[in-house]
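For reference, the structure is listed below as structure tokens.
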Amino acid sequence: GWSTFDNLTSLIMQNFVDYGGINAGQDHVAADSTQESSSSPKKKVVILGTGWAGMSFLKNLDSKLYDVRIVSPRNYFVFTPLLPSVTVGTVEARSITEPIRRIIRKKEAQFHEAECIKIDVDKKQITCKDVSDITFKGKEEFDLPYDYLVIAVGATSNTFGTKGVMEYCHFLKDIEDAERIREHIINCFETASLPHLSSEERRKLLNFVVVGGGPTGVEFSAELHDLVHEDLLCLYPHLKDNVKITLVQSGDHILNTFDRRISQFAEKKFSRDGVHVKIGCRVLEVTDEVIRFKAKDTGKLVDVPYGMIVWSTGISTRPVIADFMKQIGQEKHRVLATDEWLRVKNCEGVYALGDCASVEQRKIVEDIAYIFKQADKDNNSLLSAAEFVETMEEVRLRYPQIDLYMDHKHMKGVIGLLDEALNSGDQDNAQLDLEHFSAAMSKVDSLMKCMPATAQVAAQQGTYLAHSFNHIARHKPAEGPKRIRAEGRHRFNPFCYRHLGQFAPLGGEQAAAELPGDWVSIGRSTMWLWYSVYASKQVSWRTRALVMFDWTKRFVFGRDSSRM
Ligand code: FAD
């Protein structure tokens, strides 16, 4: 059947649990009762995470309507798209971070710097751990009850279980990672300048390997190339012939989620710039001395000595989420599955958004197939073109987000398949047979499930959920659920992702952009577009000013190469 938002309303209106604090275990203590508002009639919303999803939810939530708690081991927000620029000192780390206490100062919300280590859906409480350097003995852990839990803890780097990656590679997920990389690069150049090293040792130290040809790996390689060629080679001219940057990609192309024109341009540009792109290579193992690849086509194994490896091959689930998924029977999923209203299935009052979650769209696809089957019933497994159009209209009414997927470039492929199916039938009747249709639908299914793990998705989900929470709290339960359509469907539309395009900075003041409507732009002017978009997207005037100042400073004086 059709899931209704009335369920959500009733869930949200149920169960009021006080922030009383529950003792559980030796190191557990109740949250300080002086901070609690046990008599507050407001529902308790606990937000896990201070990243894109959590902060977008918080910023848009009317915090007067709820008793809001934020829990995160990080007391700041990071503007992740500029992290690659921090690794080479194009912008400074503090220019892209905003303290949470500044964000919540005008909100009625409390922040707790701690990590959630357990979610108990039966007791409706979470267990948190103080992971800072300063802790009270025996008081490291505490519990927090919730009415609604918003899980936005992001993800960790995926190593695919490759041996040695954890021990010897750098990741690029957080500000500390970026600062470590920056220090390591300069360290390699300084050590390589010591007089007693052989040229082989110098070459090893200055061999930088980037694993993963996605947007982060490509952007980091481009930034590193700029740092080396615009700044470091002027300061270390004697090392000119020893520096090598290698980008390793297991797929057939780099930037393979982008338009083909962009990935081709990037590959050509890197080859002109001298960034070695190794396509179709899988990393088998990393040791303290070498990284071992296997070329997919020849099967040949190659050991390459390295000075630094940056590993950027996608994301994986955090341990707390993996435990939670086991608890609720989702261990077979890759990430936490939610429905289109971002509710975690079978967990009352629990929502998940951002990189730690994935909207399970299978239901939509099943429903679409059902509608088609209904239309097809009297027609001996064939739909006429008119019925197809009519049925598609029905689908659009029920699922407005389908249109947005249709706009997306991948969806165009699906439409093509549908067209083909439509044309493959009897031309006179322009019929669509269901076999072709179900092939197309299974493609829709896989496309819808893999909504990209990006800041764009996370931020839009946060805004959507906050607006839903605001709406629900502002409508008294006595008013009953509002029905927007005669037959009583949802009170809210399901979450609907709007793809606004994506950028790939490619170094040398050039960038590529893929914008809605299949519009591709590449070159210097795109880089200026990139500057203006990222300046405007900053979360505060303070970070905006700092980032623009850093860019100007870099244009005038170059990057700072001191190792702090
Ligand atoms: P995050 O932003 O990672 O936030 C997770 C939060 O949860 C953090 O505050 C963390 O401290 C907290 N947390 C972790 N564990 C716990 C716990 N146990 N308890 C409580 N809190 C916890 N996307 C784009 O759209 N465009 C880009 O250009 C782009 N560039 C990127 C560049 C880099 C280098 C990286 C790493 C990512 C980039 N992304 C980009 C992707 C984007 O950053 C992520 O998709 C986005 O951060 C996801 O948001 P999130 O809120 O789910 O997770």
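The values are calculated or read from the model by the stated rules, or taken from the named source; none is laboratory data. Since the structure is predicted, the reported quantities are computational estimates derived from the model, not experimental observations. We place every Cβ from the backbone using ideal geometry, glycine too, and count neighbours over all the protein chains shown. When the accessible area is computed, the model is the full protein with side chains, heavy atoms only, and any ligands, DNA or RNA have been set aside. Shrake-Rupley method; radii C 1.70, N 1.55, O 1.52, S 1.80 Å.
Sort 201-211, 151-161, 130-140, 237-247 by packing, meaning the average of other beta carbons within 10 Å per residue, with the highest value first. Don't jump to the answer; show the numbers that get you there.
On the way: 201-211: 22.6, 151-161: 20.3, 130-140: 10.7, 237-247: 17.4.
Most protected by this proxy first, the peptides run 201-211, 151-161, 237-247, 130-140.
Which residues in segment 84-102 have a backbone N closer than 19 Å to a point placed 7 Å from the Cα of I134 along the Cα-to-Cβ line?
Within reach of a label on I134, which here means backbone N under 19 Å from a point 7 Å along Cα→Cβ, segment 84-102 contributes 99-102.
Mind running the shape call on segment 192-297? Use the C-alpha gyration tensor, a ≥ b ≥ c as the square roots of the eigenvalues: rounded below 1.5 for a/c, prolate if a/b tops b/c, oblate otherwise. Could you put the intermediate results ahead of the total?
Numbers: a/c = 2.78, a/b = 1.43, b/c = 1.94.
Verdict is oblate for segment 192-297.
Going highest first, how would you order 175-184, 337-346 by mean Cβ packing within 10 Å? Write down the numbers at each step before the final one.
Working: 175-184: 17.9, 337-346: 19.5.
Descending mean neighbour count gives 337-346, 175-184.
Decide, for segment 121-269, between rounded, prolate and oblate: order the square roots of the alpha carbon gyration tensor eigenvalues as a ≥ b ≥ c, take rounded if a/c falls under 1.5, and otherwise choose prolate if a/b is larger than b/c, else oblate.
Judged from the Cα gyration tensor, segment 121-269 comes out oblate (a/c at least 1.5, b/c at or above a/b).
Determine the distance separating the Cα centre of segment 300-314 from the Cα centre of segment 510-529; give it in Å without decimals.
Using only Cα atoms, the two centres lie 30 Å from each other.
What FRET efficiency comes out for T191 versus S521 if R0 is 51 angstrom and r is the Cβ-Cβ distance? Round to the nearest 0.05.
Working: r = 41 Å, r/R0 = 0.80.
Taking R0 as 51 Å, the efficiency between T191 and S521 is 0.80.
Please give, to one decimal in nm, the separation of the simple spin-label points placed at A295 and K123, each 7 Å out from Cα toward the Cβ.
5.8
Work through the residues other than P505 whose Cβ is under 10 Å from its Cβ and net out their charges, Lys, Arg +1 and Asp, Glu -1.
Values: positive: none; negative: E219, E223, D226, E509.
Taking every Cβ under 10 Å from that of P505, the sum is -4.
Sort 278-291, 214-227 for me by packing, meaning the mean count of neighbouring Cβ atoms within 10 Å per residue, highest on top. Before the final figure, lay out the partial values.
Working: 278-291: 17.4, 214-227: 24.2.
In descending order of packing, they fall as 214-227, 278-291.
Starting from 0.36 nm per residue, how many nanometres of slack lie between N75 and H475 once their C-alpha separation is accounted for? Intermediate values should be presented prior to the final figure.
Numbers: separation 400, 0.36 × 400 = 144.00 nm, distance 3.29 nm.
Residue separation times 0.36 nm, minus the Cα-Cα distance, leaves 140.7 nm.
Between segment 107-182 and segment 251-279, how far is it from one alpha carbon centroid to the other, in angstrom?
Each part's Cα centre sits 35 Å from the other's.
Given contacts defined as C-alpha pairs under 8 Å and at least six residues apart, what's the relative contact order of segment 70-174, whole-number percent? Don't skip to the answer; put the middle values down first.
Values: 116 pairs, mean separation 25.7, N = 105.
In percent, rounded to a whole number, it is 25.
List, in the order given, every pair from K123/K345; K123/K173; K163/K294 whose Cα-Cα distance in the structure shown is over 24 Å.
Numbers: K123/K345 17 Å; K123/K173 33 Å; K163/K294 14 Å.
Beyond 24 Å between Cα atoms: K123/K173.
Ordering F77, F142 from largest to smallest accessible area (1.4 angstrom probe), what's the sequence?
F142, F77
Considering only protein heavy atoms, with the full assembly of protein chains and a 1.4 angstrom probe, order F57, F549, F171 by accessible area, largest first. Present the calculation step by step, with values, prior to reporting the outcome.
Values: F57 0, F549 125, F171 35 Å².
The ordering from most to least exposed comes out as F549, F171, F57.
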